[in-house]
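The values are calculated or read from the model by the stated rules, or taken from the named source; none is laboratory data. Nothing here was measured: the structure is a model prediction, and the numbers come from that model. With ideal geometry, Cβ positions are generated from the backbone for all residues, glycine too; neighbour counts draw on all protein chains shown.
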Number of protein chains: 2
Amino acid sequence: METARKILVVDDESDILDFITYNLKKEGYLVATAFNGAQAIEVSKTFKPDLILLDVMMPVMDGIETCAHLKSLPEFAKTFIVFLTARAEEYSEIAGFQAGADDYIAKPIKPKVLITRLNAILRRKEKEETASTKLIVGDITIDRDSFLVYRGTEKIQLARKEFELLFLLASKPGKVFTRDYILEKVWGDEVLVVDRTIDVHIRKIREKLGDDYIGTVKGVGYKFEI
Amino acid sequence: METARKILVVDDESDILDFITYNLKKEGYLVATAFNGAQAIEVSKTFKPDLILLDVMMPVMDGIETCAHLKSLPEFAKTFIVFLTARAEEYSEIAGFQAGADDYIAKPIKPKVLITRLNAILRRKEKEETASTKLIVGDITIDRDSFLVYRGTEKIQLARKEFELLFLLASKPGKVFTRDYILEKVWGDEVLVVDRTIDVHIRKIREKLGDDYIGTVKGVGYKFEI
DNA sequence: GGGCAGGGTTAAATTAATGTTAACCGATTA
DNA sequence: TAATCGGTTAACATTAATTTAACCCTGCCC
């Protein structure tokens, strides 16, 4: 049972607003509009859009600010935000990703492209919502939607890094992950943290889950025990 | 005798395609492109890429579908698939890894990062291809992934040097390895250890595995008994 | 038998790697 | 502003891996 998807379009130019609105409505989307960031936030609260199409360049409160603001509100954490950017050239420098944008579409907008991309994005969102995101290994269940870990039926709360670390190890039970690899995957490329940091997180996981789930292979790394 | 690595880049936006292609070619890679998943599968069959760089978000057939499909075909089981994800997502949020992706790179893409990462990934792939992760000799199985040795079904834990030493000997069962060679391979060039050290490690392996697996050839070295 | 070459064995010494704790910092929240 | 939480680090403790040293076989040759 499919209900129509709701899209909020935000742009300070009313021609563009009209143009996009027209095309989206033709596709069967429910559309709301706003002229600036402040208005967008206002409207969002009642309209509860599935996706927000946000012009980067706006007076008063620009797209990036708006996006950052929206993403900071828990109720919109799962709302997709797509930027409209002036040109794709420097797409590698789109600051919006830092603000939490999920994708972007380059102007000038071609109706066909707009529609295909939005369809793709929403389809993906749907999949993410439906798809079970659970990882089950032995009596441990890791659910990345709720950010919870279960041992049997007992709920266990892990902090973010702990969660990511456990998730990584559990994604290939039995395989030993080297410290370098763990750092790259959980901490990222640029971040440089000291070796002990991993140990401390491992310790916290063991403290919460029990000592039998994560094994140490000295001189090599850690693994999830099967 | 290195032949250039082949990379297939898949994205629905031609700017991105061009941008990535340009950077990869500059690095000496052979590059093919595709606009969507269906095309990617088509091209792969003739181009036989070593690695596929796959945008997650695409209309028609998205990255995850495409990846799952490719991985289901035996001929691409060993092709590395790397996702391009829009957000800088946490590891566990990458839905794609369940579809069999080997790695991911977050947009926006910085050319330098892209190249570094791909080089690293391809190096890893090469290593995996050369050094098989599992070694089976008689009733002994040596598994690099988990750093475990099995005698029959019995799990045996070896320390790192012991493991490397056994792995070396077992890589050519029956062949006698001289002490010098063993030192070079297991200990490395710089390290200078006394001769007895090898004996002690051999002894520990025999202690854990049994006396019948490693043979001594006086005046020459050691070998794995067939 | 004595001596020696080549390992084998053991335990002690050393070093490397990880575990643990407490403290600090910054962000967020009460 | 205090309090809490997550993340990180530094300092120290603990444990295990590795190496060394000392001594023991065994076979061989004179």
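Given B:Leu166, B:Leu118, which one is within 30 Å of B:Ile20 (Cβ to Cβ) and touching a residue at least 24 places away in the same chain (Cβ under 8 Å)?
On the way: B:Leu166 fails: within 30 Å of B:Ile20 (Cβ to Cβ).
Checking each option against the conditions leaves just B:Leu118.
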Take A:Ala4 and decide whether it is assigned to a helix (DSSP H, G or I) and either touching a residue at least 12 places away in the same chain (Cβ under 8 Å) or more than 21 Å from A:Lys125 (Cα to Cα) (or both). no
Do we have any residue at all in segment A:83-92 that's within 20 Å of A:Arg117 (Cβ to Cβ), part of a helix (DSSP H, G or I), at pLDDT below 65 and within 14 Å of another protein chain (Cβ to nearest Cβ)? yes
Check on B:Glu65, acidic (Asp, Glu), modelled with pLDDT of 85 or more and assigned to a helix (DSSP H, G or I): no
Looking only at segment A:197-210, which residues are surrounded by fewer than 18 Cβ atoms within 10 Å (Cβ to Cβ) and within 12 Å of DNA strand D (Cβ to nearest atom)? A:Thr197, A:Asp199, A:Val200, A:Arg203, A:Lys204, A:Glu207, A:Lys208
Picking from B:Ile7, B:Ile41, which residue would you name as being buried (at least 20 other Cβ atoms within 10 Å of the Cβ) and β-branched (Val, Ile, Thr)? B:Ile7
Might you let me know whether segment A:188-196 holds any residue that is surrounded by 19 or more Cβ atoms within 10 Å (Cβ to Cβ), free of Cβ contacts under 8 Å to residues at least 60 places away in the same chain and within 12 Å of DNA strand D (Cβ to nearest atom)? no
Could you list all residues from segment A:113-161 that are away from DNA strand C (no atom under 16 Å from the Cβ), modelled with pLDDT of 85 or more, out of contact with any helix residue (DSSP H, G or I) (no Cβ under 8 Å at 6 or more places or on another chain) and basic (Lys, Arg)? A:Lys155
